[in-house]
Structures are given as structure tokens and as C-alpha cells.
1. Would you work out the charge dipole size for the chain about its Cα centre, treating the Cβ of every Lys and Arg as +1 and the Cβ of every Asp and Glu as -1, and quote it to the nearest 20 debye?
2. If you count only protein heavy atoms with a 1.4 Å probe, what accessible area per residue comes out for the chain, rounded to a whole Å²?
3. Which residue fluctuates the most in the chain, going by a Gaussian network model with Cα springs under 10 Å, if the choices are Leu110, Leu27, Leu325?
4. What residue among Thr212, Thr40, Thr278 has the largest mean-square fluctuation in a Gaussian network model of the chain, using Cα springs under 10 Å?
5. When the helices in the chain are scored as -39500 (n - 2.57) per DSSP H run of 4 or longer and the sum is shared across all residues, what 222 nm value do you end up with, to the nearest 500 deg cm²/dmol?
6. Round to a whole angstrom and tell me the spacing of the C-alpha centers of segment 274-332 and segment 1-60.
7. Between segment 175-195 and segment 205-262, how far is it from one alpha carbon centroid to the other, in angstrom?
8. Quick one: length gained pulling Ala363 to Ala341 fully straight, 0.36 nm per residue minus the C-alpha distance?
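The values are calculated or read from the model by the stated rules, or taken from the named source; none is laboratory data. None of these values were measured; they are calculated from a predicted model. Positions of Cβ are backbone-derived with ideal geometry, glycine not excepted, and every protein chain shown enters the neighbour counts. Ligands, DNA and RNA are stripped out before the accessible areas are found, and what is left, the full protein with its side chains, is counted by its heavy atoms. Shrake-Rupley method; radii C 1.70, N 1.55, O 1.52, S 1.80 Å.
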Amino acid sequence: LTSSGAPATAAVGPYAITASGATGTGLGNYAITYHDGSLTVGQKALSITASNGSKTYGDTKTFAGTEFTASGLVNSDTVASVTLTSSGSAATANVGTYNIVPTNAVGTGLGNYSLSYANGTLTVDKAPLTVTAANKTKAFGAVDPAFTFTLTGLKNSETASVLDTAPTCSVSGAHNAPGTYPINCSGGADNNYSFASYVPGTLTVNSVTSATFADVPMSYWSWQYVESLYAFGISGGCGSNPLIYCPATAVTRDQMSVFLLRGIHGRDYVPPVVGASTGFNDVPTTYWAAAWIKQLAAEGITGGCGNGNFCPTLPVTRDQMAVFLLRAEHGASYNPPAVGASTGFNDVPTTYWAAAWIKQLAAEGITTGCGNGNFCPATSVSRDQMAVFLVRTFQLPLP
């Protein structure tokens, strides 16, 4: 039996099977007739599988047509290329996985195969972003500017508005004194972007280069303290046009209420409305500092000057100041340590009503006394001295 379809290289199709040359015993007694049979060469299974691939969000994926594997080829037949398509190829395709679909194989001898195609996977990875904090400048005592950033690596003409969660930028720690401070950004999240790196910026806090008050020149002994008090909104001075501070004038108790509450709560603090009564006989609700005085009492920093009065226009004495400042710093419930064997000042005996307060004020470095080992407890406090005390109590920086 012979057939031209028998070789391995025979193409798909029908072939005759030819019979001849029968051999056996007694065959000479027969008239032998041969009839052809049929050999059918069927298609061989050929599987073409698209290779997996990847790209970064914002890039366009192009296929050369050779990113595949073929399984089942014989006889030096070849698959030269296939058409590969994917909905993830476009630059705008979001991060995720997409099918790579192979079709239309081109090659030699492919008519002899039954082709099947298997998809590959295209993975779209997040595009990396670099977050750079913008440099900022602020005046001494000013509130922080808005900390902003720029992004490098955005795709498809997108802006920061597309981010699911934007990074945040800030300056850590105290940064009110003149100098430079790093602005660091962190965080951020998005389905199409990763936050690969953060580049810090710089906050520059400018110093004060000229005197604010006409009566407190830069050569004045407490100039820096007065400037700090003004810059942080604790005092606006005592007069305008020109702006003056009245440094040698005694601080009155009404003024002290404003100083202390702004030191505690910040420059923008406004006390609650005074209501029907201030709580003090000598402070009517129409008094300019009525709300401040009432709030100072409400926070337990003062109980007044006795007999239901506040004595708003009386000067603040240095012993009173010790109590005011320590309660403002530590809270209404604060009590200083026991005075012990000595107050540290010649003119403040341990039995003095404010002895423990005065000693603690010195222990915290807020005061060193009035000179020659004395504290001068009954002496009134001038506005330049109070500037020093307030800056030290509330730990404000100097220009």
C-alpha cells in the first residue's frame, strides 16, 4: 500500500491509497483487481498564546506582532507574526490588567493547522510622581503661608486635581524664629500614580530690620521683646499716628487681661460677649475691656482685687504679675512648689503672700528680679518689662 499523503510533510487533504503487489499462496489462481483507498490528512492543532506584557500609566503600548508563543508547529512551518490588540494599550488606560488578544496569524504552512488563540495579560502599572514642596517666605510673627507643591510625572495633561488624595506639606516643630526651615511633603494616594519621591522646600522666616514703634528704637534695651509682642499680636501698642508703645508706662490690670488672653489663645482670640454682667462691681458691661476681664476671671487666672472689684486701672505689681503669668502658663489649678527655706530674694521673705509664686517665676527663668538680689514685689510693672515677662512666659521667639 502506498500513498502520497503518507509522508509527514504531506499537506492537509485527501490522498489515494494505492494497493499493488499482493503476495501469498495460490494467488496464481486468482484474477486480482486493485481498488484505491482514501487517506485523509487532517489539520494539526496549533495553539498561539499572546505573551504577557506591561507598561506604565500614560504610555502607549505598541505591539510588534512577535510577542507570542506557538505550540504544535512541525515540518519547519512557521508563524511569523500575529495581530495583537489590547484595550489597555492607550495612554489613557487606567492602572489594572487587560487582555492581549492575538488574531490573524501569518506564516508558512498554516493552512495545515487548526489554529486556536489564547489571550495574554497586559498590566498597566502606576506612573511615579515626584512631589516638590514650594519654597515659602513669611514675616517674623506672621501666620504660616499655605504650603504648596508641584508634581513631576503627571500624564495625559492631567493636573493635581485628578489625585484621589493630595499630598500634604508642613513644617514640623517650632519655626517662628528668624531662619530657614525645611518644608516636607508626605502622603498622597491615587489609582494611577505612585508617590515615588518627595523633595523638601524651604520656609524662610524674615527678621525685623527696622523698629515698629516710634518710641522703641532698635537700640532700646527691650526692643526685641517689644517687637516679638507686636509681631505675635499680643500688643498693638498704646497709640497710633505714629505707632507708639509707651514702654515706660505702667501696665494696668485691664491691659494685662488682654495681654494674657492673647498669649494663651493667640492673636486672633476674641473673648465671648460680656452678657448682662462682668461679675465685678467696678467693671460695667460697657467698659472697653469688660469681655476680657470677665473671661480672665472665668479661666481662673484672677479673682479680682477684693470686695467684688477688679480695679481695672490700677497698675499691675510685680507680685501680682508672678501669679498672673504662672496661672496663664500652667492653668487655673496650678500651685507653685512650697517656698522652702528661702525665696532667693532679699526683699521677699518666705512668709510673703506671693513668696512661692515669685520663687517659681525666677526658677522658670521668667524674671531675675529688680537688681541687687531684690525682686521689688510691690513695684508696678512697666510695659517694656512686661514685654520681657510675656515673651518668656509664652516662649515667643525674638526677631
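1. Its charge dipole is roughly 200 debye.
2. Working: 19740 Å² over 399 residues.
I get 49 Å² per residue for the chain.
3. Leu27
4. Highest fluctuation of the listed residues: Thr40.
5. Working: 6 runs with 64 residues, N = 399.
Computed ellipticity for the chain at 222 nm equals -5000 deg cm²/dmol.
6. 111
7. First find each Cα centre; the distance between them is then 35 Å.
8. Working: separation 22, 0.36 × 22 = 7.92 nm, distance 1.46 nm.
Taking 0.36 nm per residue and subtracting the Cα distance, the gain is 6.5 nm.
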